[in-house]
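S.K.: This structure is in structure tokens; I'll ask about it shortly.
Derivation of every value follows stated rules applied to the coordinates shown; laboratory data play no part. These figures come from a predicted structure and were not determined experimentally. Counting neighbours? That spans all protein chains shown, and the Cβs are built from the backbone with ideal geometry, glycine included.
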Amino acid sequence: MEDTIAAISTPIGEGGIAIIRISGPRAFDVADRVFRCRRGCPSDFATHTLHFGTIGINGDVIDQVMLAVMRAPRTYTKEDTVEINCHGGVFTARKILAVSLQNGARLAEPGEFTKRAFLNGRIDLTQAEAVMDIIRARSDRAHIAAIHELEGHLSAKINAARDKLLTVLAHVEAHIDFPEDDIGAEVREDWLRAIEELARVVQGLLATAREGHILRDGISVAIVGRPNVGKSSLLNALVGRDRSIVTPIPGTTRDTIEESVSINGIPFRFTDTAGIRRGRGTAERHGVRRSRKALEISELALVACDLSRPFTAADSEIFDLVGTKPAIAVLNKADLTPRLRLPSGLNAMANAIRVSATRGDGLDDLRAKLVDLAYRGTFGSTAVDVAINERQKQLLESANKYLTDASYVLRTAEPIEIASQQLRGGLDSLGEIIGKTSTDDILERIFSTFCIGK
């Protein structure tokens, strides 16, 4: 990592400030060439100090800035780092970046600052992933879980499991190296207890995979129903603003509209769909197809019905489309005279809730039911310690299989060398989670999802 990298680390656009970050062995050389102030050069400044001056080239001033100097290893990347705080704006920030690139830095790749923090041993791979989780957090709980992971909660659990597994593996391989020593029943039982205890730890972490999915991606909820039953009004009421166009004309919504909102710290992704009926035009037929697709890929469904009108065959067809998917029958327009009766046997009968999307009646009950269905009543009331992502889940499943197979070998008459191989596989899988065993393609896949400047 002999290159010195630079990038804009704040979102592009107008704002109070923009930050250009420069990191690497020549960070101070670059700063010396572009920064001017009365008190000397950045290479002479004390670490973790802030200095007022100008950025320019060939005598032309680009902007007045505050320049932060941070010397290795007490930096994010553990490299010499300079951060230039300029006035916010696309043109100014890009011009300062261009000047930095002309004077010895190269443009950072996506996630390269965090990748360097990992490669230089400041953070492990789970903490690097937590950085992106913090940036993308859409609720308090998602943010708390990401902070816990950044603080090393998951790393500590994985490291503790690896240490115990390494101890068992060392004992097993010692017996392989000295075959004249018989393995007593008590020794095998000790190994088995240790392995099964580790398997329970791994399974406990695997149990957080659903929570991790919910916190990172949110629960997808399709709002479906016949035309003009109040689907768009329902979406607007749930998100607290006019997101969908609402008119008394059936078929106004021709496309799916998605909006995210946090309810009790849980992110939900609501999709308002076109009314499902036989399309009366090309555009409406396309809208109905998209509605069916949105329903198919959603995790929950809100089936909106008009409480002021009788239940119809079209309503029944929509419930049939929902099938066994978790659903809530939202009986809308509760402010009008009720004329609807749900037939018995409907999947969503037990989850029927009366609401008035325009007046707000029943919306709190609907939100509570959404939270209940999202977590099946087993989550959401306690603090989240760790919540694994999909990559971590796959590796934990691999580790769990290796541990299970090792236990089987020890309980049977199979050669102990096979148990050693299984334990080593488990050790490698756990190590890959935190980056102790990793390959370039794995790192590329992870850090390519980051934004440039982070």
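S.K.: Set Lys and Arg Cβ to +1 and Asp and Glu Cβ to -1, take the dipole of the chain about its Cα centre, and tell me which of Ala93, Ile388, Thr358 lies farthest positive.
M.R.: It is Thr358.
S.K.: Is segment 134-204 best put as rounded, prolate or oblate by its Cα gyration tensor, with a ≥ b ≥ c the root eigenvalues, rounded for a/c under 1.5, and otherwise prolate when a/b is larger than b/c, oblate when not?
M.R.: prolate
S.K.: So if a site counts as exposed when it's one of the GluC sites (Glu not before Pro), its DSSP state isn't H, G, I, E or B, and it has at most 14 other Cβ atoms within 10 Å, what's the longest stretch of the chain without one? Let's see the in-between values first.
M.R.: Details: sites that count: Glu2, Glu14, Glu151, Glu180.
Of all site-free stretches, the longest is 181-454.
S.K.: Kindly work out what percent of the DSSP beta bridges joining two residues of segment 5-108 are antiparallel, to the nearest 5. Could you put the intermediate results ahead of the total?
M.R.: Numbers: 27 of 29 bridges.
Counting DSSP beta bridges with both partners in segment 5-108, the antiparallel share is about 95 percent.
S.K.: Among Asp80, Asp63, Asp133, which comes first, then next, by fewest other beta-carbon atoms within 10 Å? Don't skip to the answer; put the middle values down first.
M.R.: Working: Asp80 24, Asp63 18, Asp133 21.
The most exposed by this proxy come first: Asp63, Asp133, Asp80.
S.K.: Now a separate question. For segment 382-434, what ratio Rg/Rh do Cα atoms give with a Kirkwood hydrodynamic radius?
M.R.: On the way: Rg = 13.5 Å, Rh = 12.0 Å.
Result for segment 382-434 is an Rg/Rh of 1.13.
S.K.: Moving on. Taking Cα atoms of segment 5-108, Rg/Rh with Kirkwood Rh, to two decimals? Please list the in-between numbers first.
M.R.: Details: Rg = 12.2 Å, Rh = 13.2 Å.
Using Cα coordinates only, the ratio equals 0.92.
S.K.: I would also like to ask the following. Rank the residues Val371, Val239, Val224 as a footprinting-exposure proxy: fewest other Cβ atoms within 10 Å of their Cβ go first. Can you show the working numbers first?
M.R.: Numbers: Val371 19, Val239 16, Val224 28.
Fewest to most other Cβ atoms nearby, the residues stand as Val239, Val371, Val224.
S.K.: Also, quick follow-up: Which chymotrypsin sites (Phe, Trp or Tyr not before Pro) in segment 384-452 pass both tests, a DSSP loop state and at most 10 other beta-carbon atoms within 10 Å? Could the numbers behind the result be given before it?
M.R.: On the way: sites: Tyr402, Tyr408, Phe447, Phe450; in loops: Phe450.
Hits after loop and neighbour filter: nothing returned.
S.K.: If contacts are Cα pairs under 8 angstrom and at least 6 residues apart, what is the relative contact order of the chain in percent? Each step should come with its number before you reach the end.
M.R.: On the way: 838 pairs, mean separation 73.7, N = 454.
This gives 16 percent for the chain.
S.K.: Moving on. For segment 5-108, what does the relative contact order come out to in percent, with C-alpha contacts under 8 Å and a separation of six or more? Don't skip to the end; give the middle numbers.
M.R.: Numbers: 227 pairs, mean separation 38.3, N = 104.
Relative CO of segment 5-108 lands at 37 percent.
S.K.: For the chain, report the translational diffusion coefficient in µm²/s to the nearest whole number, using Stokes-Einstein at 4 °C, 1.567 mPa s, and a Kirkwood Rh over Cα pairs.
M.R.: 49
S.K.: Which lysines, on any chain, are close to Lys293 with Cα under 19 Å apart, when same-chain ones fewer than 8 places away are left out?
M.R.: Leaving aside lysines fewer than 8 places away in the same chain, those within reach of Lys293 are Lys231, Lys325.
S.K.: Putting +1 on Lys and Arg Cβ atoms and -1 on Asp and Glu Cβ atoms, find which of Ala209, Ile134, Gly104 reaches farthest to the positive end of the dipole of the chain.
M.R.: Of Ala209, Ile134, Gly104, it is Ile134.
S.K.: Ranked by Cβ crowding within 10 angstrom, fewest neighbours first, how are Arg26, Arg341, Arg289, Arg162 ordered?
M.R.: On the way: Arg26 19, Arg341 9, Arg289 13, Arg162 22.
Arranged by neighbour count, lowest to highest, Arg26, Arg341, Arg289, Arg162 become Arg341, Arg289, Arg26, Arg162.
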